[in-house]
């Protein structure tokens, strides 16, 4: 385990309501436990929750909290809450009222009725037909669609019609039905990112689990804390490095870029990361519908490796024993989709096993619908799905 680091910052992690308290769905309540200072074997003194000093009232088990997270990160597909499905919204998903967003005959997203009314101001760009919002027929190329939709979004931004467009980034995301398809159009990231309720198109990203093993084979993981100035989930715990796939950028390019920019990991080391699958989910909240797919990589790092803060999107890095990381997953500190990435790591590395009580493939929890880019359906909590398109252009 690495010794003390100059850039290594310790931060008190508040043990409070579980991760779903700040998840983009309906909140649940839980108790609190007092954090305590815990000594690490190498002499570090970390301020993180110590369950040995817990004074909290009886709370839901770790596995129940994780199941709540997984169900809520897929709540768009869940029916109204009942005795069999107590994690869903009491009124059910907005799936029943959403309109499909179609481009060139392909279903690429979801539009709420309120947004559909706003888009109706641009009849030369958008048209409603058969339960869907589609682009005008004469927009018959990627370039024409991108230009027309971009102009409409710029006008909506200038008039303040959609608050999500205030976070305009001048960065394009590709829109397609499946990752392996050619882009049907390119769209401003602000219209697809978190807190955007416009088109509900699937977004893709890359997440890297950074970990090391000591001489006895014990696992520890590097965790990042997001900058307090981030537009989304400021100050939350995150994977070692992660980033969205911008238009025209390959997965490998994004992997290396994010490792270098966020954690100052040299290209020669970042390229050793192994692809291990994808995490797919679709959730809804008051802002809209969010289908996402994350390409996940594992990067085993030398025991003497120390990430450095790069572009300012991260304010600190922490190196925790893997069981401490497991505990933190059900704390409100983690960015929800990053917690799912770490959960998958724990399953694949046998930190969580079939006898662990996580209803591990027992069929006792709802089966989630197949994702558009998955080759098979999966049961909660096993959320990793293989991409159906292995020969991607990127």
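What ranking do 168, 62 get, fewest neighbouring Cβ atoms within 10 angstrom at the top? Show your work: numbers first, answer last.
Numbers: 168 14, 62 17.
Neighbour counts put them in this order, fewest first: 168, 62.
Which peptide among 152-159, 237-244, 137-144 comes first, and what is the full order, when sorted by highest mean count of other Cβ atoms within 10 Å?
Ranking, from highest mean packing down: 237-244, 152-159, 137-144.
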Query - Neighbour-count ranking [beta-carbon atoms within 10 angstrom, fewest first] of 282, 303 - result: 303, 282
Requested in this report: Can you pull the one-decimal nm distance between simple spin-label points at residue 231 and residue 353, each 7 Å off the Cα toward Cβ?
Outcome: 4.5
Query raised in the report: Shape of segment 96-191 from its Cα gyration tensor (a ≥ b ≥ c, root eigenvalues): rounded if a/c is under 1.5, otherwise prolate when a/b > b/c, or oblate?
Result: rounded
Requested in this report: For segment 96-191, calculate the relative contact order in percent as a whole number, restricting contacts to Cα pairs under 8 Å that are 6 or more residues apart.
Outcome: 23
Report summary line: With R₀ set to 22 angstrom, the calculated FRET efficiency between the beta-carbons of residue 121 and residue 247, to the nearest 0.05, is 0.30
**Report entry** Burial order of peptide ranges 109-121, 250-262 (average beta-carbon count within 10 Å, highest first)
**Finding:** 250-262, 109-121
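Here, each number is a calculation from the coordinates, and none is a lab measurement. Note that the structure is predicted; figures quoted are calculated from it, not measured. Methodologically, a virtual Cβ is constructed for each residue, glycine included, from the backbone with ideal geometry; neighbour enumeration extends over all protein chains shown.
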